[in-house]
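Student: Starting off with a structure, shown below.
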Amino acid sequence: MGKRISHIDAAKGLAMILVVIGHCHWKGHVAGSLIYSFHMPLFFIISGLFVREMGVRQSILRNVVSYVRPYLITCGILLVISLVTTALKDADLLDDAWRCLKTAFWGGKCEGGKGHFVGPLWFLLALFWASVCYTMVRKYVEEPYRGMVVVALFFLAILSYQTCPLPLCLQSGLAAMVFLWIGDLFTKYDVLRIFGQMNVAYKIILLLLWLLCVHFTGAMDLAKCNYGYGMRIPASVIASLLFIDVLRMIHAKGGWMGRSTLYLLCGHQIGYFVICQLHLGLRNLPYAPWQNFVLEFGAFMSTTLVAAYVLWSTALFEKKK
């Protein structure tokens, strides 16, 4: 599965739209629960579909370039934006810089940090750790012991996060590694093809099972290792399979958005952060809920696309030749 697959690109592009919707205050509780039940696991599963053999050193270098570097570059851009807006308010620049750097180091919200500074960028750090650690597990552990190690690290991560959260989203990455393993198994056993050939009645049953799981177990928060002790994983896997399969059946194509999800993710955080810094009051819109949602989503999506296009057109994250 080395070449690009159009419906997989489409799944990534649409999942990025779900990320933007997920950050809209006016999306509603039900829509939020459904989105947060699978949209981030889907990205990890898709990454797992394309896992390949490599050395640990090669994996570290490759993933530093692919994920850590974009994280640092985007945090640098966000820091400049924060300092400019802080200067305009005539506030303490050193204090603001310290809070931004502290939040970047922890990979998200922390005591004394800068709210909304990292946002969805935690995913880049988590994917770095998940990819590097899974490379080691895949290289040195054979099945069925490989799955046992992944599950053991998963529970170690979610249990330790409750008592001693570690910086740089280490535990988030260790926990999310379970989805890379699942994606790897999908490729090994050709699960996507088998699922595509499944009787429609069984898919409807799985759809209902996903909805029931979301209703009774709720949505997950991968950044905070909130998996409901693993009970929410089946729902995310089922939803991911259904999501990809529907796009396959309609021959969806991802286009630029499907190929540029890294830029969209970072662009979304830049646009979202600017809106938060300017205090535009999108959470206090006076219209009907659906109108409020359209306005809020329009603001988030437009800033996401503009920022992502600027990052992409300047090839800011590309490897230098």
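Student: Which net charge results when you count Lys and Arg as +1 and Asp and Glu as -1 among the other residues whose beta-carbon is under 13 Å from that of Arg138? Could the numbers behind the result be given before it?
Tutor: Details: positive: Arg52, Lys139, Arg146, Lys188; negative: Glu53, Glu142, Glu143, Asp184.
Computed value for this residue: 0.
Student: Further question on the same structure: What percentage of the solvent-accessible surface of the range 1-80, computed with a 1.4 Å probe over protein heavy atoms, is contributed by carbon and sulfur atoms? Can you show the working numbers first?
Tutor: Working: 2250 of 3400 Å².
The value for the range 1-80 is 66 percent carbon and sulfur by accessible area.
Student: 7 Å from Cα along Cα→Cβ at both Trp290 and Asp90: what's the point-to-point distance in nm?
Tutor: For Trp290 paired with Asp90, the spin-label model returns 4.7 nm.
Student: Give the carbon-plus-sulfur fraction of the accessible surface of the range 175-280 in %, rounded to a whole number; probe 1.4 Å, heavy atoms of protein chains only.
Tutor: Heavy-atom surface of the range 175-280 belonging to carbon and sulfur, 1.4 Å probe: 71 percent.
Student: Now for a separate question. With every protein chain kept in place and ligands, DNA and RNA left out, what is the accessible area per residue of the range 1-70? Probe 1.4 Å, answer in Å². Provide the component values of the computation, followed by the final result.
Tutor: Working: 3010 Å² over 70 residues.
I get 43 Å² per residue for this part.
Student: Amide H neighbours of Phe50 under 5 Å, counting only residues 5+ apart in sequence or on other chains, H built in-plane at 1.01 Å?
Tutor: none
Student: Continuing with the same structure: Would you work out if the range 142-205 is rounded, prolate or oblate? Take a ≥ b ≥ c from the square roots of the eigenvalues of the alpha-carbon gyration tensor; rounded if a/c is under 1.5, else prolate when a/b is larger than b/c, oblate otherwise. Please report the intermediate quantities before stating the final value.
Tutor: Numbers: a/c = 3.13, a/b = 2.13, b/c = 1.47.
Here the range 142-205 falls in the prolate category.
Student: Follow-up. Name the residues of the range 248-271 whose amide N is less than 12 Å from a point 7 angstrom out from the Cα of Ala299 along the C-beta direction?
Tutor: No residue qualifies, since no backbone N sits under 12 Å from the label point.
Student: Quick one: with all protein chains in place, what share of the accessible area of the range 88-149 is carbon or sulfur, to the nearest percent (1.4 Å probe)? Numbers along the way, then the final one.
Tutor: Values: 2130 of 3360 Å².
Roughly 63 percent, rounded to a whole number.
Student: Counting only residues 5 or more places away or on other chains, whose amide H sits under 5 Å from the amide H of Met220 once H atoms are built in the peptide plane?
Tutor: Ser37
Student: Using a 1.4 Å probe, what is the accessible area per residue for the range 71-175, in Å²?
Tutor: Numbers: 5160 Å² over 105 residues.
Accessible surface, normalised per residue, equals 49 Å².
Student: How about the range 144-228: which chymotrypsin sites (Phe, Trp or Tyr not before Pro) there lie in a loop by DSSP and see at most 12 other Cβ atoms within 10 Å? Working shown, then result.
Tutor: Working: sites: Tyr145, Phe154, Phe155, Tyr161, Phe179, Trp181, Phe186, Tyr189, Phe195, Tyr202, Trp210, Phe216, Tyr227; in loops: Tyr189, Tyr227.
Passing sites in the range 144-228 are Tyr189.
Student: Moving on to the next point. Rounded to the nearest 20 Debye, what is the dipole magnitude of the chain about its Cα centre when Lys and Arg each give +1 and Asp and Glu each give -1 at the C-beta?
Tutor: Details: 28 positive and 15 negative charges, 161 e Å.
Rounded to the nearest 20 debye, it is 780 debye.
Student: Follow-up. Which whole-number percentage describes the relative contact order of the range 208-321, with Cα contacts under 8 Å and a sequence gap of 6 or more? Write out the running numbers ahead of the final one.
Tutor: Values: 65 pairs, mean separation 28.5, N = 114.
Contact order relative to length: 25 percent.
The values are calculated or read from the model by the stated rules, or taken from the named source; none is laboratory data. This is a predicted model, so every value here is computed, not measured. Neighbour counts run over all protein chains shown; Cβ positions are idealised from the backbone, glycine included. The area values use the complete protein model at the heavy-atom level, side chains included, leaving out ligands, DNA and RNA. Shrake-Rupley method; radii C 1.70, N 1.55, O 1.52, S 1.80 Å.
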